[in-house]
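All remarks here apply to the structure that follows.
The values are calculated or read from the model by the stated rules, or taken from the named source; none is laboratory data. Computed from a predicted structure; not experimentally measured. Backbone-built Cβ (ideal geometry, glycine too); neighbour counts: all protein chains shown.
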Amino acid sequence: MNRKLMVHVRSAAFIALLLVIWHVAAKSQKTQLLPGPLAVAGGIAELAQHGLLLKYVVASLFRVTWGFTAAAVLAIPFGLALGWYRRLELGLNPLIQILRPISPLAWIPISILWFGLGDMAAIFLIFLASFLPLTVTAMNAVAGIPSVYINAGRNFGLTPSQLVRRVLYPAVISQLIVGLRITLGIAWLVVVAAEMIAVNSGLGFLIVDARNAGNRYDLVVAGMVLIGLIGLFLDIGMRSLERVKSLQWHYSEE
């Protein structure tokens, strides 16, 4: 049995052990507040039977896709420009550092005021949660490029566009992928929180609605499990980019 297969077997065994512990803990409690894994599986099956499972998952993924994509398209070039042009960074970096610690959830009242209750409010919150982290990642990636590579490119007569394509891009791409992966996790967290307040669909809404509609804790935990599983698949998808040969560019300090 090869090493990779052994890792998967151990992971599956550990998950099975956790499910057994969860089942025993649920059965041993005096008041049935915590549903067991079988009840949660039944809740997921009930959602699928009523057509709500696909509806809520698609709604959450739709908001994350638009908010995260818009942030990536705007934040990465903006951050690269800040890192490339020192004066621009000196002028705007203080503002970025002031806004960055503000939780995206603090913008919920403003987002509802501007966009009302609906998809746009949630997408706006996801955009805010993703924009600044990606900007800082891109800015720091450019700042970390050894000056010797930039000077060498200029000495060889590279035009600005060639310098960006042959020096800047290979130097920052690996850090940008890591930043995208981390930021996507943040975006997924924010959409769930936003759906608890600003919209009437999605997995976050499912949790709140199940709690208010007769204390359906099996559906509450089902929503939590679905959030975790989808977050895992999103992370696996982003990690797969690291194995794309055309994106495995970096500079060695040796």
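Taking region 28-52 as the search range and keeping residues that are in a loop (DSSP other than H, G, I, E, B) and small (Gly, Ala, Ser), which one is farthest from the chain's Cα centre (by Cα)? Of everything passing the filter in region 28-52, Gly36 is farthest from the chain's Cα centre (by Cα).
One line per residue, one yes/no per condition, for (1) of a type outside the set (D, E, K, R); (2) touching a Phe, Trp or Tyr at 6+ places or on another chain (Cβ under 7 Å):
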position: Leu52; (1), (2): yes, no
position: Lys55; (1), (2): no, no
position: Ala59; (1), (2): yes, no
position: Val64; (1), (2): yes, yes
position: Ala71; (1), (2): yes, yes
position: Ala75; (1), (2): yes, yes
position: Leu80; (1), (2): yes, no
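Residue pairs whose Cβ atoms lie under 7 Å apart, separated by 6 or more positions or on different chains, with the first residue in region 50-72 and under 16 Å from Gly237 (Cβ atoms) and the second β-branched (Val, Ile, Thr) and buried (at least 16 other Cβ atoms within 10 Å of the Cβ), are Val57/Ile230; Ser60/Val191; Val64/Ile126; Val64/Val191; Phe68/Ile126. In region 193-222, the residues that are more than 16 Å from Ala59 (Cβ to Cβ) reach residues that are surrounded by fewer than 20 Cβ atoms within 10 Å (Cβ to Cβ) and among the aromatic types (Phe, Trp, Tyr) with C-beta atoms within less than 8 angstrom, at least six apart or across chains, in these pairs: Arg211/Tyr217. Screening Val73, Val58, Val64 for residues that are surrounded by fewer than 19 Cβ atoms within 10 Å (Cβ to Cβ), of a type in the set (A, V, I, L, M, F, W, C), under 18 Å from Asn200 (Cβ atoms) and under 16 Å from the mean Cα position of the chain (by Cα) leaves exactly one candidate, Val58.
Here is a yes/no grid of residues against (1) at pLDDT 80 or above; (2) in contact with a Lys or Arg (Cβ under 6 Å, 6 or more places away or on another chain):
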site	(1), (2)
Ala122	yes, yes
Leu125	yes, no
Ser130	yes, no
Thr135	yes, no
Ala138	yes, no
Val148	no, no
Phe156	no, no
Leu163	no, no
Val167	no, no
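Of all positions in region 235-247, at least one carries a residue that is in contact with a helix residue (DSSP H, G or I) (Cβ under 7 Å, 6 or more places away or on another chain) and either surrounded by 21 or more Cβ atoms within 10 Å (Cβ to Cβ) or at pLDDT 85 or above (or both). A search for C-beta distances below 6 Å between a residue of region 161-175 that is farther than 17 Å from Val148 by Cβ and any residue that is surrounded by fewer than 17 Cβ atoms within 10 Å (Cβ to Cβ) and of a type in the set (A, V, I, L, M, F, W, C), counting only pairs 6+ apart in sequence or on different chains, returns Ile173/Leu247; Ile173/Trp249.
With respect to the conditions (1) surrounded by 15 or more Cβ atoms within 10 Å (Cβ to Cβ); (2) in a helix (DSSP H, G or I), Ala16 falls short on a single one, namely (1). Residues in region 123-168 that are surrounded by fewer than 12 Cβ atoms within 10 Å (Cβ to Cβ) and among the aliphatic types (A, V, I, L, M): Val148 only.
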